[in-house]
Amino acid sequence: MGGTFDPIHVGHLAVAEEARDALGLERILFVPAGTPPHKPDGAEAGIEDRVAMVGLAISGSPTFELSRVDVDRAGPSFTADAVTIIATDLESRGIEPDLTLIMSAETLDGLPTWREPHRLLARCRVAVVPREGHPVPTQAWLTEHFPGLESRFDLLDGPRLGISSTAIRDRLAAGRSIRYLVPEAVERHIADHHLYTRHARA
């Protein structure tokens with residue numbers, strides 16, 4: 001499960017757990033983007049703060065793991081590259097890769113424009129979760145954009161939580177509470193490091 005995680009919130013965790021449970025996944029790798037190509041100005045919080053918040057958020061789960069595959073390499077964080085690196089590492093250890101990429105229906109809308117989406121689909125399946133205002137795609141949409149690859153997609157029913165990192169940053173900038181929207185440890189990290197105050201980039 002990749003993303004900017006700026007910051008990670010309970011919606012991310014709920015989506016990951018739903019995919020793990022519904023699809024019988026062994027573990028979930030959280031892959032913070034180092035240099036997100038779809039955000040020219042970059043993330044609002046620095047890389048190490050975002051990595052730290054992910055680590056804090058998932059620390060209580062035995063099936064959630066943090067991967068630095070995107071933050072420890074140079075250049076834009078293209079998902080096809082990250083998935084290839086993860087798969088190659090597994091193969092080097094004699095493990096047959098069986099990967100699923102978790103994304104929202106909103107993110108899926110842009111998948112046809114991503115760098116090498118067919119290379120991505122050759123390396124992994126895609127689990128799609130609905131997001132407020134963005135239902136999961138129809139089979140017709142999949143056929144139009146990825147003919148012959150429809151079976152590579154798993155369409156999930158939920159969870160349907162209307163939480164976004166943007167809204168959390170806006171609440172923080174306005175001095176409003178984010179309690180219960182992010183794990184307590186993440187809330188403390190944000191406060192301790194004065195993140196998302198909008199008058200200075202972290």
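The values are calculated or read from the model by the stated rules, or taken from the named source; none is laboratory data. All figures in this text were calculated on a predicted structure; none of them were measured in a lab. Quick reminder, even Gly has a Cβ in these numbers, built from the backbone with ideal geometry, and neighbours come from all protein chains shown. Keep in mind that these areas ignore ligands, DNA and RNA; they rest on the heavy atoms of the full protein, side chains included. Shrake-Rupley method; radii C 1.70, N 1.55, O 1.52, S 1.80 Å.
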Check: In the neighborhood of Arg20, defined by Cβ-to-Cβ distances under 11 Å, what is the net charge if each Lys or Arg adds +1 and each Asp or Glu adds -1?
Finding: -3
Next item on the list: Above 27 angstrom, tally the Cα pairs of the stretch 37-187 and express them as a % of all pairs, no decimals.
Entry: 32
Note to self: How large a share of the accessible area of the stretch 45-153, in percent, is made up of carbon and sulfur atoms when the probe is 1.4 Å and the other protein chains stay in place?
What the structure shows: 54
Next item on the list: Considering only protein heavy atoms, with the full assembly of protein chains and a 1.4 angstrom probe, order Thr100, Thr88 by accessible area, largest first.
Entry: Thr88, Thr100
Next item on the list: Could you tell me the distance between the Cα centroids of the stretch 122-179 and the stretch 58-76, to the nearest Å?
Entry: 20
Next item on the list: Work out Dmax and Rg for the stretch 1-124 from the C-alpha atoms and quote the Rg first, both in angstrom.
Entry: 13.9, 39
Margin query: What FRET efficiency comes out for Gln139 versus Arg179 if R0 is 41 angstrom and r is the Cβ-Cβ distance? Round to the nearest 0.05.
Written below: 0.50
Next item on the list: Send over a whole-number figure in Å² for the accessible area per residue of the stretch 44-202, probe 1.4 Å.
Entry: 54
